[in-house]
Every structure is written in C-alpha cells, then in structure tokens.
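K.L.:
Quick one: this structure, given as structure tokens, is what I'll be asking you about.
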Amino acid sequence: LAYAEPDAAPAPIRTPRSGASRADIEGAPKVAPATEPQNTRRGWQIQIGATTEADKAKALLSDAKSKAGRALASAEAFTEVYAKGDTTFYRARFAGLNEKTADAACKALKRSAMSCFAIKN
C-alpha cells in the first residue's frame, strides 16, 4: 500500500478575539438564529429528528404530523438551529404539549417507525 500526501495542508484553526463571537471568526460557518430563542416554549416538547438540511427537518415534521393524527393536532411544529463543530443542524420538534400528550405522541410515532423523545422545557 502506498501512502499519498494530501493535496493541501489543513486550514489553521482560528479562535475568536476576546469578546468576539464564533460568527466573527473568519471562515466559520454562519448559523442562522433559531426563529425563537431556546427555552422560551413552556411545557413539554418532542423531538423527532435532526438533520443538516432545513427542508428535510420540515419534511420530518410534516410526515410526523400525518402519522401521529390527533396526538399532534394542537402541537406547534418548529425547527431549532444549532451548530456542532462546523456543522449546522436543524432539530425537528413539536411544542405546546404536556407530559401526557408528549408521551402519547411519541408512542403514536414509534408505532409508525419514527424516532421520538420527550423533553420537559
């Protein structure tokens, strides 16, 4: 087996200046803020997935809503943006639930082979 050198050296790691945010780092990915700051939704939420594409997260929400029936009828569908390293993710979540309705929604989704977990906010 032959070893081949990479074509280009890796880019240097840049750290922010004192008081600067991650968005101020040259070359850092720009992350759009979530539509609403995290933890402003009261009660229980369920998360059905996370993806690197906003459209896929919205499709997950639509699919879940159709599979869960009444269990998600009054829930608010939303995506939450977060970054892990250089990758931006979109969490597909439903809010406006209580413990009982969050549990019922997850059970309904799991019967339809969808992943789900409840979160108390």
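What follows is calculated from the coordinates using simple rules that are stated; it is not laboratory data. This one's a predicted model, so the numbers in the text were calculated from it and none came from an experiment. For neighbour counting, all protein chains shown are included, and Cβ atoms are generated from backbone atoms with ideal geometry for every residue, glycine included.
K.L.:
Using a simple spin-label model with points 7 Å from Cα along the Cα→Cβ vector, what separation in nm is obtained for ALA54 and ALA113?
P.N.:
3.0
K.L.:
How large is the translational diffusion coefficient of the range 32-121 in µm² per second when you combine the Kirkwood radius over alpha carbon pairs with Stokes-Einstein at 4 °C and 1.567 mPa s?
P.N.:
100
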